[in-house]
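Below is one structure, written out as structure tokens, with a few remarks after it.
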Amino acid sequence: MKRPLPKVGCRPVPRTLRSRLIAGMLTMLVLTCAGVGLTTTDTLRHFLTVRLDQQLTDTGGRYAASLERRGSEDPAGEPDESSDTRAQAPGTFGARLKDGTVTKAGVVDGDADDAAVEAGDVAADTDDLVRLTPRDQQALAALVVGGPAADVDLSSLHRYRMHAIAGHDGDVLVTGLPLRPVEDTVHRLVTVELLVFGVALAVTGVAGALWIRWSLRPLGRVVATAEVVSALPLSNGAVALSVRAPDDDPRTEVGRVGSALNRMLGHLEDALAQRQAVEERLRAFTADASHELRTPLASVRGHTELALRHRGPVPAAVRHSLTRIDAESQRMGLLVEDLLLLARLDAGRPLAFTEVDLTRIALDCTADARAAGPEHRWCLALPEQPVLVSGDADRLRQVVGNLLTNARTHTPQGTEVTLRLAAVRAGAVRLTVTDTGPGIGIQPPERAFERFVRGDHARSRSSGTTGLGLAIAHTVVEAHGGTLTVSSRPGRTAFTVQLP
Ligand SMILES: Nc1ncnc2c1ncn2[C@@H]1O[C@H](COP(=O)(O)OP(=O)(O)OP(=O)(O)O)[C@@H](O)[C@H]1O
Ligand SMILES: [Mg+2]
């Protein structure tokens, strides 16, 4: 029987179609969610950053410039429009750099007022403390003047979007807007997305699994049909293949598989019926032919016997021919009887079941064998109690006789042949014929149960055997519901009959 090749490696790949479909669906869903999530997040971040950059451009350097002016401001003077920090968004950062060094830095606080700090120091006149470390100052100095805005991470503040422009007196004015609102918005979106995608995955996973299971149900029915068919004893011939796949709607894939299976079963049924008919015809022919041959054969034998009994002078050559005709017609008679018996057993002709004493049969057959082959050593091992089975006495006698005849005719003189009879478990009976001969010259030895199969040794014998003895024994034992098995090697050949 052909078996599928084993899988190489041991990756945990789902095996059933259903689990593969569910796994594939979930994987695609996860990939889609990830793609959508990443794209929306990125788009939102980009959009918010562009808006922040626009705000920075609108703000310009007004706040940074105001810081410097305020440092030298006349307390009685009017603040000009450019230094009005109340127009600035809370959290706006400003710094003025001179020759790469921060001279003033401040942040507009929540009350639209600002805190100003000396570079590297804490402002004394404000409660919003901003400390610029040398690293912060370096980061500010590294900004490209007049270039695009960039993200700067100040150690004392959060991440900022910074923009640097050139001042009027060779200084650099840096303005920054906090990135925290952008990040907060993006985080909120990510949280919502994770929640929505998680729920969507769970719902789709469960609903999809149920849907796939439901969709594959017809396939399960087709498989069940195929399994029922594969369990039928098709070799038996007389099998009605009435089982059919219920799903054969040609509009669906599974339906097409089902209808193909049903068509195949129909062909198979036809083929089996034809084979059955041919076999029956052949059996009937063999039975009829054997039966019809009996009468002319009996006539041939009768006339041969008559001719041999003729008292007048018969030439020696004619007598020899008559003797050969007698012997061969006897052999042919046995062959015809064997063929007739096989044909009847094949046709399922019922056996004449009675209570049979196997011990008696064993004793009689061994006595016959001893008489026919006195040069062999015959041993008998019988249990104390008589062994009784239900069966056809004549046929069982034929089985034991065939096995003992084989042990005599296919082994050299002096071979020890043992017939052992034993009652085994649950009322079963075992009869074994063992010999110490050279073994069966047929490979495998079970082939000896086939019809007309003989070993080369038996073939070349001048007496000639037919090769039907074991076939008949096998068929008879099976007709009794038992088994006939063989094991053979040089020095020990054993045939075992097991009867229920
Ligand atoms: N005890 C045995 N030892 C060795 N070979 C055996 C033995 N029994 C059977 N065989 C082999 O199995 C073959 C088939 O046996 P089977 O009894 O079917 O046919 P046969 O003895 O040749 O002819 P038939 O019994 O029909 O007269 C034999 O030809 C022989 O080669
Ligand atoms: Mg034989």
### Task
Give the calculated FRET efficiency between residue 103 and residue 144 to the nearest 0.05, with a Förster radius of 22 Å applied to their Cβ-Cβ distance.
0.65
### Task
Quick one: order 191, 225 by neighbouring beta-carbon count within 10 Å, fewest to most.
191, 225
### Query
Given H placed on each backbone N at 1.01 Å, which residues far from residue 88 in sequence or on other chains put an amide H within less than 5 Å of it?
none
### Neighbourhood net charge (15 Å Cβ-Cβ; Lys/Arg +1, Asp/Glu -1) for residue 301
0
## Note on the structure
Here, residue 42 and residue 388, labelled 7 Å along Cα→Cβ, have an inter-label distance in nm of 9.3 nm
### Query
Helix 358-372 sits at what angle to the longest principal axis of the chain, using alpha carbons and giving 0 to 90 degrees rounded to 10?
60 degrees
### Task
Give the whole-number value, in cubic angstrom per residue, of the convex hull volume spanned by the C-alpha atoms of the range 234-349.
101 Å³
### Task
Please compute P(r) over all alpha-carbon pairs of the chain, binned at 20 Å starting from zero, and give each bin as a whole-number percent.
15, 23, 16, 12, 10, 14, 8, 2, 0
### Summary
The simple spin-label model distance between residue 309 and residue 158, using points 7 Å out along Cα→Cβ, in nm, is 13.2 nm
### Query
What FRET efficiency comes out for the pair residue 190/residue 131, r = Cβ-Cβ distance, R0 = 22 Å, nearest 0.05?
0.10
### Message
Just to confirm the filter: which trypsin sites (Lys or Arg not before Pro) across the range 411-500 are DSSP coil and have at most 16 other Cβ within 10 angstrom of their Cβ?
### Response
451, 461
### Task
Enumerate the whole-percent occupancy of each 5 Å bin, from 0 to the last occupied one, for all C-alpha pair distances of the range 354-499.
2, 10, 21, 24, 22, 14, 6, 2, 0, 0
### Task
Could you work out the relative contact order of the chain, using alpha carbon pairs under 8 angstrom and six or more residues apart, expressed as a whole percent?
8 percent
### Task
Could you list 418, 411 in order of exposure, starting from the residue whose Cβ has the fewest other Cβ atoms within 10 Å?
418, 411
### Message
Taking the Cα centroid of the range 311-376 and of the range 200-231, what is the distance between the two, rounded to the nearest whole Å?
### Response
64 Å
#### Entry: Total formal charge among the other residues, if their Cβ is under 12 angstrom from that of residue 330, Lys/Arg +1 and Asp/Glu -1
-1
### Message
What distance in nm separates the two pseudo spin-label positions at residue 207 and residue 28, each 7 Å out from Cα along the beta-carbon direction?
### Response
1.6 nm
#### Entry: Per-residue HN-Hα couplings for the range 153-162 [Karplus 6.51, -1.76, 1.60; θ = phi - 60°; Hz; x = Gly/Pro]
9, 8, 5, 8, 10, 7, 5, 10, 9, 10
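The numbers here are math on the coordinates, done by the rules we state, and not lab data. Predicted model, so just to flag it, every value in this text is computed and none were measured. We place every Cβ from the backbone using ideal geometry, glycine too, and count neighbours over all the protein chains shown.
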